[in-house]
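The values are calculated or read from the model by the stated rules, or taken from the named source; none is laboratory data. These numbers were taken from a predicted model, which means no experiment stands behind them. Glycine also receives a Cβ, built like all others from the backbone with ideal geometry; neighbour counts cover every protein chain displayed.
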Amino acid sequence: MSEKRLASVKIVMKILPLTFVLITKMRKGDCAGVVKKGFIALVAETSMLVKLLLNRLGIVTTAILEWITMKMTTTILFLMMESDSNFSLNRSRLAGQKSEKMKIGTKSVLYGAHCFFIHPWFVAWAWWRLYGFPFNPLLWLAFFVHDLGYWGKPNMDGNEGELHPYWGACVMGIFGKKWFDFTLYHSRFLAKREGAHFSRLCVADKLAIALTPTWLYLPMVNWTGEIKEYMKDAAKNSNGEIPVQSDQVKWHKSVKEYVANWVEEHKDLKPDTWTTANRHTVNKCGVHQ
């Protein structure tokens, strides 16, 4: 085994148990300081893994790799500081009581459907299949930050959850309005509501859903509990294309088929006639409700 491959394996072996310990502590409501230190370590290891993988591909210089690693780490740590209240203890409660319940959006970013060290790789894979390999380092940064705005959100598709793209868009906006819009409009609902056009990141993000295997997806969304909201709103958000049902495997299959059809129809950025601003989509005939 080559030296770089061995280094990558070692980092992965650090990330997996660290993630398990971190999540276990958070679910038990353990000390906020311990959780934060664990998360910082996890971010550092994940950033190093990204750096090694990109270096192995040989597509960017060492200076750019260092910049990407620094940007990823500082961006996510800034998010931690801004959302510190999600981990802090509620001191007004009785002594010995557990900390405030973690928000569903935070769970999703840490170990759910939008897991910050799993979901971006599926988005990258989807982009590769749709538009070719993502050589631009800013694409990789967008893959990793576009959904981090779910942190601290009390819902996934509600009034708060719908605004999650703004956080990543503000980060990418450092590089110009083009990247701000590229990240902001990865949400087709937000794009439609603001009278804008969805971006290619939106298409790749949707294809990533279809590429994520059921055996990986269902345990994560059940662990966070976000599947309840997804299944409840699926029929409404697809105009009945995804039927209401209790079988999670069949439901996920329907979701993957629906988003795959949407991607096939819109991969060339054809105007989106399936989606309306009120999160009600239309059928394949393109007629709005």
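Every condition in (1) in a helix (DSSP H, G or I); (2) over 10 Å from the mean Cα position of the chain (by Cα); (3) under 24 Å from Glu257 (Cα atoms) is met by His197 except one, and the failing one is (1). Taken over the stretch 163-180, the residue count meeting the criterion of being touching a helix residue (DSSP H, G or I) at 6+ places or on another chain (Cβ under 7 Å) and not in a helix (DSSP H, G or I) is 1. Scanning the stretch 256-275 for residues that are in a loop (DSSP other than H, G, I, E, B), among the basic types (Lys, Arg) and more than 14 Å from Ala196 (Cα to Cα) yields one hit, Lys267. Can you tell me which residue is modelled with the lowest pLDDT among those in the stretch 207-247 that are out of contact with any Ser or Thr (no Cβ under 7 Å at 6 or more places or on another chain) and among the hydroxyl-bearing types (Ser, Thr, Tyr)? Restricting to residues being out of contact with any Ser or Thr (no Cβ under 7 Å at 6 or more places or on another chain) and among the hydroxyl-bearing types (Ser, Thr, Tyr), the top hit is Ser246.
Only a single criterion out of (1) surrounded by 15 or more Cβ atoms within 10 Å (Cβ to Cβ); (2) part of a loop (DSSP other than H, G, I, E, B); (3) of a type in the set (A, V, I, L, M) is not satisfied by Val203, namely (2).
Filtering Gly173, Gly161, Gly152 for residues that are over 20 Å from Asp272 (Cα atoms), free of Cβ contacts under 8 Å to residues at least 40 places away in the same chain, assigned by TED's automatic domain parsing to the domain that holds Tyr258 and not polar (S, T, N, Q) leaves a single hit, Gly173. Just so you know, in the stretch 153-200 the residues that are aromatic (Phe, Trp, Tyr) and more than 24 Å from Leu110 (Cα to Cα) include one that is surrounded by the fewest Cβ atoms within 10 Å (Cβ to Cβ), and it is Phe175.
Which ones in the stretch 106-120 are outside any loop (DSSP other than H, G, I, E, B) and farther than 23 Å from Ile174 by Cβ? Answer for the stretch 106-120, where residues must be outside any loop (DSSP other than H, G, I, E, B) and farther than 23 Å from Ile174 by Cβ: Thr106, Lys107, Ser108, Leu110, Tyr111.
The residue of the stretch 119-152 that is nearest to Val109 (Cα to Cα), among those that are aromatic (Phe, Trp, Tyr) and over 12 Å from the mean Cα position of the chain (by Cα), is Trp140.
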